[in-house]
Amino acid sequence: MNRDSANMLDRFLSHLESVFFISLHDAQEIISNFHQEMRHGLAGGESSLKMIPSFVGRPKGTEKGKFLALDLGGTNIRVLAVELDGNGNATLAAVSKFVIPQEMMSGTGDKLFDFIVDCIQLFFKENNIGIQQAYDLAFTFSFPVEQGSIASGKLIGWTKGFTAAGVEGKDVVALLSEALKRKEIGFIHVAALANDTVGTLVAKSYADPYCDMGVILGTGTNACYPEKIAHILKCPGLGASEEMIVNIEWGGFSQLKTNIYDNVLDRASLNVGKQLLEKMVSGMYLGEIARLVIVEMMEQGLLFRGTSLSAFSKGYALTTEHLSMTAQGSGFFADFGLRDVSATDRQTIREICRIVSTRSAKLAGAAIAAVVAWMDAKLESDHTIAIDGSLFEKYPGFKGYMIDILNDLFGDRGARIKLDLAKDGSGIGAAIIGAVAAFNRRRMIT
Ligand code: GLC
């Protein structure tokens, strides 16, 4: 590479760094805008944060029994049997995982729910579970749902690439129950409906009383926290308990400085103008942001010179797993038919991945800071943040960047915030919610 090209490359990369940079001032601004949106959302005003009451509080740790959970997330369906010992311990007794085929995400709702029920049946077969009893099932449905009760809720709108027809505006528990009926499965009763963030918070707080936030950093991103019922002004009469977990749906947060790559991604997405924070942070989109940067650099002759653009021309061809591989030191080049990649190109790709993923981690950290500061402005208590999702679990350095921004924002007090992996939290938590719901139902019957 000659000197001019090297200078152009350096200039491009420093420009890239600056358009993706999150300064301390940006993070502080995010916190104050977040608080404003939370306030409006809780009051039922216009807000990019939906602030949805979940109809559950934090568990006591004494919930007991064996429960089924069904977890419909971004790319997979998991069916789990969870045993709760009543002493804060939850064990996975059996679990089966199924990939959701693209045609189920974009077909009809009936097809999608029939497929889900097929997965439940396969779970019983794979794990040799005999059907000697009726089962209460808790349904983790990781999409924005306006809950009407602990076991009912209408899908507000699909996110994360789902478009299945005939589900938006409908009660997803009713749709699941109808599919169970269609397949003549009478021994399963859907006892509870929960967002994955709520499951994650409930799972961790089953044993950790300091846990007061559930966060997902995976295909999508979102969070929940326990709010005082008196503050949920839009829903008077939510009951006698003091607090209820609120699903923030923070993926929709929109008071953000987007750059040209974010705007191009958004315009080509299935939900234009929506889920802006999710599109800048979550695993579904990071690969695509990086791909848009790569395409521009190739067009300018700054990357993979002499290579045709076609390998990178397909939307979403580059995934967050590819970025993660690069961050681990191995390249994704073979997947794109690239051989003999120069040391400069390898280094440039590493830089792009670092820049895109660092912004994601810092935005996630700033959003966590906003919610913690909402609950405890002076950070007088300890806070465990239960986090599930592959970005947090697997992306090298991701957690470190989140901690950096928390420390920048809160100084020494930042150490009071513990970011803890809650593996399988959403499914286990749903089972605990199912236990609470089943207990309440029995209490109502007797
Ligand atoms: C999307 C969904 C939200 C879910 C999150 C993480 O943002 O709208 O409900 O919690 O993804 O899976």
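The values are calculated or read from the model by the stated rules, or taken from the named source; none is laboratory data. Because the structure is a prediction, the values reported are computed rather than measured. Heads up, the Cβs are rebuilt from the backbone with ideal geometry, glycines too, and the neighbour counts pull from every protein chain shown. In case anyone asks, the SASA skips ligands and DNA or RNA and just uses the protein heavy atoms, side chains included. Shrake-Rupley method; radii C 1.70, N 1.55, O 1.52, S 1.80 Å.
Computed values, structure above
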{"item": "Residue within the range 391-411 that is modelled with pLDDT under 95, within 16 Å of the ligand (Cβ to nearest atom) and surrounded by fewer than 23 Cβ atoms within 10 Å (Cβ to Cβ) present", "result": "no"}
{"item": "The range 322-337, subset without any contact (Cβ under 8 Å) to a residue 40 or more places away in the chain and outside any loop (DSSP other than H, G, I, E, B), residue most open to solvent (accessible area, probe 1.4 Å)", "result": "ASP335"}
{"item": "Residues of the range 118-151 satisfying the condition of being within 16 Å of the ligand (Cβ to nearest atom), under 22 Å from PHE67 (Cβ atoms) and not β-branched (Val, Ile, Thr)", "result": "ALA138, PHE139, PHE141, SER142, PHE143, GLN147"}
{"item": "Scan of the range 76-88 for residues that are in contact with a Gly (Cβ under 9 Å, 6 or more places away or on another chain) and either aromatic (Phe, Trp, Tyr) or open to solvent by 20 Å² or more (accessible area, probe 1.4 Å) (or both), ordered by number", "result": "ARG78, GLU83, ASN87"}
{"item": "Flag if LEU49 is buried (at least 19 other Cβ atoms within 10 Å of the Cβ) and part of a helix (DSSP H, G or I)", "result": "no"}
{"item": "Pair list, Cβ < 8 Å and 6+ apart or interchain, from the range 237-250 residues that are touching a residue at least 60 places away in the same chain (Cβ under 8 Å) and within 24 Å of THR159 (Cα to Cα) to residues that are among the charged types (D, E, K, R) and in a loop (DSSP other than H, G, I, E, B)", "result": "ILE245/ARG58; ASN247/LYS50; ILE248/LYS50; GLU249/LYS50"}
{"item": "Check on LEU270, surrounded by fewer than 20 Cβ atoms within 10 Å (Cβ to Cβ), under 22 Å from ILE150 (Cβ atoms) and in contact (Cβ under 8 Å) with a residue 24 or more places away in the chain", "result": "no"}
{"item": "Test: residue in the range 422-433 that is at pLDDT 95 or above and acidic (Asp, Glu)", "result": "no"}
{"item": "Tally of residues being aromatic (Phe, Trp, Tyr), assigned to a helix (DSSP H, G or I) and away from the ligand (no atom under 16 Å from the Cβ) across the range 279-317", "result": "1"}
{"item": "Meets criteria (farther than 24 Å from GLY389 by Cβ, part of a helix (DSSP H, G or I), within 26 Å of the chain's Cα centre (by Cα) and modelled with pLDDT of 95 or more) for VAL272", "result": "no"}
{"item": "Per-region count, the range 116-135, residues open to solvent by 40 Å² or more (accessible area, probe 1.4 Å), of a type in the set (A, V, I, L, M, F, W, C) and assigned to a helix (DSSP H, G or I)", "result": "1"}
{"item": "Criterion (more than 17 Å from ALA194 (Cα to Cα), part of a strand (DSSP E or B) and away from the ligand (no atom under 15 Å from the Cβ)) met by exactly one of LEU80, LEU84", "result": "LEU84"}
{"item": "Residues within the range 126-178 that are among the aliphatic types (A, V, I, L, M) and in contact with a His (Cβ under 8 Å, 6 or more places away or on another chain), tallied", "result": "2"}
{"item": "Set THR140, THR159: member being open to solvent by less than 30 Å² (accessible area, probe 1.4 Å) and over 18 Å from GLY427 (Cα atoms)", "result": "THR159"}
{"item": "Options VAL190, VAL198; residue that is in contact with a Cys (Cβ under 6 Å, 6 or more places away or on another chain) and not in a loop (DSSP other than H, G, I, E, B)", "result": "VAL198"}
{"item": "Which numbered condition LYS64 fails, given (1) more than 16 Å from the ligand (Cβ to nearest atom); (2) surrounded by 15 or more Cβ atoms within 10 Å (Cβ to Cβ); (3) at pLDDT below 95", "result": "(2)"}
{"item": "Given (1) away from the ligand (no atom under 16 Å from the Cβ); (2) farther than 24 Å from ILE428 by Cβ; (3) not in a strand (DSSP E or B), index of the condition LEU180 fails", "result": "(2)"}
{"item": "Qualifying positions in the range 162-177 - under 17 Å from ALA438 (Cα atoms) and either within 13 Å of the ligand (Cβ to nearest atom) or crowded, with 22+ Cβ neighbours inside 10 Å (or both)", "result": "VAL173"}
{"item": "Selected residue [open to solvent by less than 20 Å² (accessible area, probe 1.4 Å) and over 23 Å from ILE248 (Cβ atoms)] from SER54, SER96", "result": "SER96"}
{"item": "Of all residues making up the range 346-382, the number that are open to solvent by 20 Å² or more (accessible area, probe 1.4 Å) and more than 14 Å from LEU24 (Cα to Cα)", "result": "12"}
{"item": "Test: residue in the range 153-174 that is assigned to a helix (DSSP H, G or I) and in contact (Cβ under 8 Å) with a residue 60 or more places away in the chain", "result": "no"}
{"item": "Scan of the range 334-351 for residues that are at pLDDT below 90 and not acidic (Asp, Glu), ordered by number", "result": "ALA334, PHE336, GLY337, LEU338, ARG339"}
{"item": "Complete set of residues in the range 240-257 that are within 20 Å of the chain's Cα centre (by Cα), among the polar types (S, T, N, Q) and either away from the ligand (no atom under 16 Å from the Cβ) or over 30 Å from ILE294 (Cα atoms) (or both)", "result": "ASN247, GLN255"}
{"item": "Selection count, the range 206-235, where residues are away from the ligand (no atom under 16 Å from the Cβ) and not in a loop (DSSP other than H, G, I, E, B)", "result": "8"}
